Amino acid sequence: VGRISIAFRTKSDTGSRWIELTGKLVDDPDQPAARCAGIAADVTKRKALDEKLHAAERRLRNALEGYDGPFVIWDDRKRLLYWNSAYALAFNLSSELRVGMGYDTVTLARAPSIRQERPSTEESNTALIQLSTGRWINLEERPTHAGGLLTVGEAVTEPTRSANQIDRQSKRLKQT
């Protein structure tokens, strides 16, 4: 009738084990109690590896959330895998971002939050972006070993303001 799959922990004098039952409910009108036909497997090692993986993922997420600049991980097809809250807040995308979104879609979605963008003259794949809030971010894109892409931002508001003031003062001085 229906398929079932359940995992549970057992405890004994020798320790605990994880058992996974998968099978099918057998409907037998001659039997008053429900029966199941299937397989029981010891999945203790798999569960331990899953826990280690989840713990490592939590540490990575905590580290990326602790970084105060925008940070994004893209897969090898330029689909969104992970972003930190600083990225979502900087570009006002908190409710729009979804895992699997394409790079171009995210770029278009963030456009209204950008007042101006200048490609770096010093480094390729780097741009100086002024947000609609007036903040400046140096946004760099780096390839990963797996063929993906990292987008990493750093707030540069104060140095950029100072450089812009120096440029304006230089222009005034030349005019004078």
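To put it simply, the accessible area of the range 45-167 at a 1.4 Å probe is 53 percent carbon and sulfur.
Remark: the range 1-159 carries a charge dipole of roughly 440 debye about the Cα centre, counting +1 on each Lys and Arg Cβ and -1 on each Asp and Glu Cβ. Scaled against the 2.2 N^0.38 Å expected of a compact globular protein of N residues, the Cα radius of gyration of the range 1-157 reads 1.62.
In the chain, the DSSP-assigned H stretches of four residues or longer account for a calculated mean residue ellipticity at 222 nm of -10500 deg cm²/dmol, using -39500 (n - 2.57) per stretch and the full residue count as denominator. In plain terms, the chain from Leu89 to Lys171 could stretch by 26.0 nm, reckoned as 0.36 nm per residue minus the Cα-Cα distance. Applying 1/(1 + (r/R0)^6) with r as the Cβ-Cβ distance of Cys36 and Thr14 and R0 = 25 angstrom yields a FRET efficiency of 0.45. Summed over the residues of the range 29-129 and divided among them, the accessible surface reaches 69 Å² per residue at a probe radius of 1.4 Å. In this simple spin-label model, placing a label point 7 Å from the Cα along the Cα-to-Cβ direction at both Leu108 and Ala7 gives a separation of 3.9 nm. Under the classification rounded if a/c is under 1.5, otherwise prolate if a/b is larger than b/c and oblate if not, where does the range 1-61 fall, given a ≥ b ≥ c as square roots of the Cα gyration tensor eigenvalues? Prolate. The length gained by stretching the chain between Leu21 and Glu51 to full extension, at 0.36 nm per residue less their Cα-Cα distance, is 8.9 nm. Just check the range 58-124 against the gyration tensor rule for me: Cα atoms, a ≥ b ≥ c as the square roots of the eigenvalues, rounded for a/c under 1.5, and otherwise prolate or oblate depending on whether a/b exceeds b/c. Taking the square roots of the gyration eigenvalues as a ≥ b ≥ c, the range 58-124 is rounded. Among the lysines of the chain, pairs at least eight places apart or on separate chains and with Cα atoms under 26 Å apart come to 6.
Rounded to the nearest Å, what's the spacing between the alpha carbon centres of the range 96-112 and the range 1-72? Just the number, please. Using only Cα atoms to place each centre, the spacing works out to 34 Å.
The values are calculated or read from the model by the stated rules, or taken from the named source; none is laboratory data. Everything quoted here is computed from the prediction, not taken from an experiment. No Cβ is skipped: glycine too gets one built from the backbone with ideal geometry, and neighbour counts run over all protein chains shown. Quick note on the areas: whole protein, heavy atoms, side chains included, nothing else; ligands and nucleic acids left out. Shrake-Rupley method; radii C 1.70, N 1.55, O 1.52, S 1.80 Å.
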